[in-house]
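The values are calculated or read from the model by the stated rules, or taken from the named source; none is laboratory data. None of the values given here were measured: they were computed from a predicted structure. Note: ideal-geometry Cβ built from the backbone for every residue, glycine included; neighbour counts use all protein chains shown. Each accessible area value is taken on the protein alone, full model and side chains, heavy atoms only, with ligands, DNA and RNA left out. Shrake-Rupley method; radii C 1.70, N 1.55, O 1.52, S 1.80 Å.
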Amino acid sequence: MKNINIGLFGFGCVGQGLYETLNNSRNFAGEISKICIKNADKKRKLPSQLFTTSKEEIINDEAIDIVVELIDDADAALSIVVAALKAGKSVVTANKKMVAENLEYLVELQQQTGKAVLYEGAVCGSIPIIRTLEEYFGHEPLNEIKGIFNGSTNYILTKIFEERLDYPKVLKEAQELGFAETDPTLDVQGFDPKFKLSILLTHAFGIHVPPSHITNLGIDRLKTADLEYARANGHTIKLVAQAKRIGEKVFGFVIPQFVQPDQTLANIQNEFNAVTINGEFCDEQLFIGKGAGSLPTGAAVLSDISALSYDYKYEYKKHYNLGKLPFSNQSPIQVYVSYNSPEQVDLSDFESIQEKYFSFDHCYIIGNICIGKLQKAEWRNNQNINIVLTPEGCQKGLGNLCVSDLKEEISELKKGQKIRERITI
Ligand code: HSE
């Protein structure tokens, strides 16, 4: 095998993880010959001649075979990837936002240049899910792909549920451990797993769905009352990304979900991620692995570099070979919505309401709503509103009740009335 020269962009958590995994791999023939960084004054453990602040020094270096892009800024990452491909170099990137938002263009560019872009490290850290979808499931129609795609929020939720620690404290821990994004709202508001879901939709179902078309809700509005509700019902909460094929349509979203203890995802803890695949022939498969952190993500990047060394490329088999399945948001889901006062939620958006509860310190409804309605609803942006998918969240055919009747009933209740009544329909 030829000795591979790598030009690296970024030397943060994942860049350093790559450096370490590469140096400790016993059989990898290659080395990082240049690292492009933003801040030349920052103290670093490696010799200063290894670093540069000039992008061109890597892009124009003919001795460099592969560009590895591990920076934070999605726009700058795209310009590096495009320049590298046009300069005849294959690329490895772990920037999920950049890949998700530009996948169609990146596929085109790969065709035009004949060079490859690999991005296993962008989705679920060390779980080799993209190559599994491409290579193993390339010709099997899938029914569903679902899981925990974000390590930081899973770490936070584990600590909140297992150790009863406070949200701000564990968010800080997730940042210190290098799990969270530089802007942690991307994690806690569900954007990061949405980027990953968008990428997997291409490899699992052959469709490009821009992240802006996918609904995402996060865990940043969970209140003590919601946690108590979950505990009282024997549930934990997980931030779940899922895409499902129903008939000839695919729908998908990222929403926190109440999970029962006997469900697979309940036992995925800390920064671990999990992906379940339901295939038409294989039925159910489960993949578990560390979804965040310097070494696990560095290892995924190393694996992509190694794959490039034998000219591996994604073939986007489903994208090219399948009839295009439309992505749809017109499917009902069942959600728990907690709020402070009844007028905060527009009940006419719901198809039906199954349960309502109103007390001095906790109000909620459980109802069926179309994903598209939820995505567009103004009221969901209210900081006092928290939404969690019920354990049955995606099953259809739930009860029906005239929404307008309930609306009147709820508006008659005054906050502070301390009505501890539960109506189950
Ligand atoms: N912030 C991401 C996470 C890093 O917590 O999963 C890995 O993509």
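For the chain, the solvent-accessible area with a 1.4 angstrom probe is 43 square angstrom per residue. Bridging of Lys194 to lysines at a Cα separation below 16 Å is possible for Lys96, Lys97, Lys146, Lys238, Lys244, once same-chain residues fewer than 8 apart are set aside. Across all Cα pairs in the range 81-187, the calculated P(r) in 10 Å bins from zero up to the longest distance comes to 12, 33, 29, 19, 6, 0 percent per bin.
When the Gaussian network model of the chain links Cα atoms closer than 10 Å, the mean-square fluctuations of Gly206, Gly234, Gly17 top out at Gly234.
Computed from Cα atoms, the angle from the helix 167-176 axis to the main principal axis of the chain rounds to 10 degrees. For the chain, the equivalent ellipsoid derived from the alpha-carbon gyration tensor has semi-axes of 42, 23, 18 Å in decreasing order. Roughly how many whole Å is it from the C-alpha centroid of the range 165-199 to that of the range 246-292? Rounded to whole Å, the Cα centres lie 18 Å apart. Rounding to the nearest 10 and keeping the result within 0 to 90°, find how far the Cα-based axis of helix 403-412 lies from the longest principal axis of the chain. For helix 403-412, the angle is close to 70 degrees. Give me the aspartates and glutamates in straight-line cross-link reach of Lys223: C-alpha distance below 12 Å, same-chain residues under 8 apart excluded. In chain and number order, the partners are Asp166, Asp361.
One way to sum up the overall shape of the range 52-123 is the equivalent ellipsoid from its Cα gyration tensor, whose semi-axes run 18, 15, 10 Å, largest first. Backbone geometry of the range 225-233 corresponds, through the Karplus equation with coefficients 6.51, -1.76 and 1.60 at θ = phi - 60°, to 3J(HN,Hα) couplings of 4, 5, 5, 5, 4, 4, 4, 4, 9 Hz, x marking Gly and Pro.
Springs join every pair of Cα atoms under 10 Å in this Gaussian network model of the chain, and among Cys13, Cys282, Cys124 the largest mean-square fluctuation is at Cys282.
Relative to the longest principal axis of the Cα atoms of the chain, helix 74-86 runs at roughly 40 degrees.
Hey, could you grab the Kirkwood Rh for the range 1-67? Inverse mean 1/r over distinct alpha carbon pairs, Å, one decimal. About 12.5 Å, per the Kirkwood formula over Cα pairs. Charge dipole (Cα centre; +1 on Lys/Arg Cβ, -1 on Asp/Glu Cβ; no other charges) of the chain amounts to roughly 300 debye. Distance distribution P(r), the range 4-122, all Cα-Cα pairs, bin width 5 angstrom from 0: 2, 11, 23, 25, 20, 12, 4, 1, 0 percent. Note on the chain: helix-only mean residue ellipticity at 222 nm, from DSSP H runs of 4+ residues weighted -39500 (n - 2.57) and normalised by residue number, equals -9500 deg cm²/dmol. Relative to one another, the C-alpha centroids of the range 32-58 and the range 348-392 are positioned 50 Å apart.
Largest GNM mean-square fluctuation among Gly252, Gly372, Gly147, using the chain with Cα springs under 10 Å: Gly372. Only lysines eight or more places from Lys86 in sequence, or on another chain, were considered; those with a Cα closer than 18 Å are Lys55, Lys115, Lys313. Count Lys and Arg as plus one, Asp and Glu as minus one, and take only other residues whose Cβ is under 13 Å from that of Pro141; the net charge is then -1.
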